[in-house]
Number of protein chains: 2
Amino acid sequence: MPYTPLPRGSLQLAALQEAPLLPGSKGLPLHAPLLPSQVAAQQWNILRGDTPFPVAVLKSSVLHHNLRWMDAFCRHYGVQLAPHGKTTMSPQLFDAQLAQGAWGMTLATLPQVQTAHRFGVRRVLLANQLVAPAELQLAAHLLQADPDFELLLLVDSVAGVERLQHAAQSTGLQRGFSVLIELGFSGGRTGCRSAADALALAHSVAAAPGVHLAGVEGYEGLLVSANREQDLAAVQHFLSELASVLQQIDQGPGFAGEQVIISAGGSAYFDRVAEGFASLPALSRPLLPILRSGCYLTHDHGFYHGLIREMQQRLGASDTGLQPALEVWSMVQSRPEADLAILTMGKRDASYDIELPLPQQWHRPGSSDPVQALPAGCKVEKMNDQHAYLRLPEGAIRQDLHVGDLVMCGISHPCTTFDKWPHLLLVDDGYQVQDIIHTCF
Amino acid sequence: MPYTPLPRGSLQLAALQEAPLLPGSKGLPLHAPLLPSQVAAQQWNILRGDTPFPVAVLKSSVLHHNLRWMDAFCRHYGVQLAPHGKTTMSPQLFDAQLAQGAWGMTLATLPQVQTAHRFGVRRVLLANQLVAPAELQLAAHLLQADPDFELLLLVDSVAGVERLQHAAQSTGLQRGFSVLIELGFSGGRTGCRSAADALALAHSVAAAPGVHLAGVEGYEGLLVSANREQDLAAVQHFLSELASVLQQIDQGPGFAGEQVIISAGGSAYFDRVAEGFASLPALSRPLLPILRSGCYLTHDHGFYHGLIREMQQRLGASDTGLQPALEVWSMVQSRPEADLAILTMGKRDASYDIELPLPQQWHRPGSSDPVQALPAGCKVEKMNDQHAYLRLPEGAIRQDLHVGDLVMCGISHPCTTFDKWPHLLLVDDGYQVQDIIHTCF
């Protein structure tokens, strides 16, 4: 597939484009500063071994595929998407997501919101309760300085509501803060532990000057165990609770905005969430259902790959669904034992929180052979800060894999790979580097 | 102890000092850009809750203590120190280490070397075999463009030596590359698996134009198991092997420089390494013994804390040795269940590779009470990307700890906390922020 630039929206990316890339940037073969706009002209190719290794690459055609797939999914169910931007923290990828129809961005912390706002994001769902006085003041400052900037916050406690009320008053924030009540579940993370608690909290919000109730929120994505049937039942139960809270608040203390927001949906079960949202009863005002998946954009070769395959089966879908766009390429640095290759990739370079990197392919730079699949049994069995231990099964690979050969690993959980790379390389299907993707962690 | 700036050497830090800090930087309460030189005047205080949370802090007085402690240690044993800079990747901390007498810096990758060189580091031990053609070219470029820059590389294979030879020839590098032969051990990481292999490799180096043998190197720091007695015996055996390789090369193919380098010493057993280096027999030319510990500077509350306590016992030392300088402060965001506090700190903020963060203290911002120790049994039992689950034991803490309270966690393994923070806050003993410490990952 020929290279096509990512969809371009209205974010202001000049600050990224105008700052020269410096020698010492991971994955970039620079001996002098270089502008990002000059990268494509360098004609670096990963398979030719033109870069330092490790390098994190994003496959452009796969990003296009995933963007379109998710857009079609949301249109099908009539839900909006506020992708969780904490996954990539990349203004360029935010821009592509917004250009592809996303309603806004979800973010996890106030500094992340400030960064997104700095690049021109206009609508943010901050999927956390803000409690630090400094962060409340910074949020109030954003809202005062930019009257059209939309920000939704979560609350799960009276203490949280009181902090918002106090911050609105002490900063003279006329607009007040818009909040969603977070419903959680027993044994979970944040969020009210029952519909009754959530309803009581809605009354507290209604009585709190400077705090406006815009809807309800939950996060079912933590319900991942070894027993998927149980997980799905728990998700279903949680979604009905969320719907019930929505109705009870609508009929009780009520919501403040012109629309009522309901939001859930991580990257594991967003089919169930979208189906649930599509079957909600009518409320006293129009409903705005928002999914928040963050990992759909790059997907992965492990954790989410398995979950989305299951989803496609649930949906009876004929297509393959989301595809992995993120790969980490490293080089064989040493072959000290017959069944061991040491790779130039470590805990600083690839996710290891859910599982270790997943070796997929290898290639000898300069060879005209195509990229070859690694045989089953090749396994990264350990990582240090800057090294991976690739164990080789019996067979030809023990003779074939030499010092200087390239190994491609997929990862499990994109969030914990993105935050290890200030820059990723955007490549076409021939692994020619077409652009630099910046992250802002 | 009154605040004293860190020791200042000759590195060129202007690029860090002149770039404004931007809103959205983790841990910094900024609503407009701010120069690092203006930070102290803001009078931010961690305990007063003046910053966003989480925030990573470095205790200035402890850094001073650790710098002096390690300098005294090295002087006592007559060894040089090339601290592993990959731990912090902070030019300001490199500068303090060099000002305190470090011989040079150790680094792990070629991009790290480029970064250190960009800030003025003049002597680097790159503790890896460089095999990527792009990296070899960048290394040759550095050596050609800056004739006084000293760079040592490792080799552990003929393939590696051939790549160096080829790169020296193809780039016309008159100076050639200076290398140390890496000795490893069976079941370990990189490095020759036997003294015989190392000796054979020394002959290959002697026969390779453009590659000069400067010494031998090993890394005993991986020999950490549940059985310390066995570990120490293995360390001892490894060090004798290394000494034997050194002597055999000296009497055989020989070394190329005016001095012969021997280097080992992670952050776990550097006492044994220093003792071993002190008892080496004389060679045909003067010996330059180099330790490479990276974690001594900030130390930690977990993994290295235990190892250094053991070392102090081995040495019969009366002082407490290294102290932890690195702390991550987060805020209680939610108290959803009686024994659960959710903290604003996750996998993006604190190490979790050896063990989860270690909760130590808590404080209510604005309270005049001193910081209080958390009771035994408080435990971070899980982290998501941006949250930690702090489990509270039975007792008063379940009533005492509120939404908005601060919790200080120590960490295990500084390397994997530093790489999560573009900026850390340097504080005095009253947690007043005195300066910003930049990292360059």
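Rule-based calculations on the coordinates, nothing more; no lab input. What you see is a predicted model, and the numbers here were worked out from it, not measured in a lab. Backbone-built Cβ (ideal geometry, glycine too); neighbour counts: all protein chains shown.
Summary table
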read-out	value
Global geometry of the protein assembly as shown, whether rounded, prolate or oblate, following the gyration tensor of its Cα atoms and the 1.5 cut on a/c	prolate
Copies compared at B:PRO286 - label distances in nm, ascending, label defined 7 Å from Cα in the Cβ direction	8.2
Residue-wise HN-Hα coupling along region B:148-160, computed from phi with Karplus coefficients 6.51, -1.76, 1.60 (Hz; x: Gly, Pro)	8, 6, 9, 9, 10, 10, 9, 9, 9, 7, 4, 4, x
Residue mean of other protein chain beta carbons inside 10 Å, A:50-59	3
DSSP-defined antiparallel bridges as percent of all bridges, chain B, nearest 5	50 percent
C-alpha center-to-center spacing [region A:222-253, region B:1-70] in angstrom	44 Å
Candidates A:ASP349, A:ASP300, A:ASP339: whichever shows maximal mean-square fluctuation once chain A is modelled as a Gaussian network with Cα springs under 10 Å	A:ASP339
Under-5 Å amide H pairs with B:GLN360, H placed in peptide plane, nonlocal only	B:MET408, B:CYS409, B:GLY410
Interatomic Cα distance distribution for region A:297-429, bins of 10 angstrom, percent	12, 41, 33, 13, 1
Relative counts (whole %) of C-alpha pair distances in region B:1-142, using bins that are 10 Å wide	10, 32, 33, 20, 5, 0
Using a 7 Å Cα-to-Cβ projection, A:ALA99 label spacings across copies, nm, ascending	4.7
Longest site-free stretch - chain A; sites: GluC sites (Glu not before Pro), DSSP loop, at most 11 other Cβ within 10 Å	A:1-257
Net charge over other residues, Cβ less than 14 angstrom from the Cβ of A:GLY395 (K, R count +1; D, E count -1)	0
Antiparallel DSSP beta bridges within the protein assembly as shown, percent to nearest 5	50 percent
Paramagnetic label zone (point 7 Å from Cα along Cα-to-C-beta, B:HIS166; backbone N under 18 Å) in region B:193-208	B:204-205, B:207-208
Per-residue ³J(HN,Hα) for region A:409-417, Karplus 6.51 cos²θ - 1.76 cosθ + 1.60, θ = phi - 60°, Hz, x for Gly and Pro	10, x, 10, 10, 5, x, 3, 8, 9
Cα-based shape type of region B:85-189, given that a ≥ b ≥ c are square roots of the gyration tensor eigenvalues and the cut on a/c is 1.5	oblate
Label geometry 7 Å along the beta-carbon vector: A:ARG123 inter-copy distances in nm	6.0
Among A:LYS26, A:LYS382, A:LYS347: highest mean-square fluctuation, GNM of chain A, C-alpha pairs under 10 Å	A:LYS382
Mean-position separation - Cα centroids, region A:270-324 and region B:412-437, in angstrom	39 Å
10 Å Cβ neighbours from other chains, averaged over peptide A:327-337	5
Simple spin-label estimate for B:ARG8 and A:VAL158 in nanometres, 7 Å along Cα-Cβ	5.4 nm
Estimated dipole of chain A in Debye, rounded to 20 [Cβ of Lys and Arg +1, of Asp and Glu -1, Cα centre]	320 debye
Average other protein chain Cβ within 10 Å of Cβ, residues A:348-355	3
B:GLU258 paired with A:HIS31, simple spin-label distance in nm, labels 7 Å along Cα-to-beta-carbon	2.8 nm
Amide H within-cut-off set for B:VAL260, under 5 Å, with H built and near neighbours excluded	B:LEU287, B:LEU288
Candidates A:HIS166, A:HIS301, A:HIS84: whichever shows maximal mean-square fluctuation once chain A is modelled as a Gaussian network with Cα springs under 10 Å	A:HIS166
Protection proxy ranking of A:151-161, B:28-38, B:420-430 - average other beta-carbon atoms within 10 Å, highest first	A:151-161, B:420-430, B:28-38
B:ASP339-A:GLU150 pseudo-label distance in nm [points 7 Å out on the Cα-to-Cβ vector]	4.3 nm
Karplus-derived HN-Hα couplings along region B:386-398 (A = 6.51, B = -1.76, C = 1.60, θ = phi - 60°), whole Hz, x at Gly and Pro	10, 9, 10, 9, 9, 8, 10, x, 4, x, 4, 4, 5
Whether chain B is rounded, prolate or oblate, judged on the alpha carbon gyration tensor where a/c under 1.5 counts as rounded	prolate
For B:SER334, residues with placed amide H under 5 Å, excluding near neighbours	B:ILE342
Additional length obtainable on full extension of the chain from A:LYS379 to A:SER279, 0.36 nm per residue less Cα span	31.6 nm
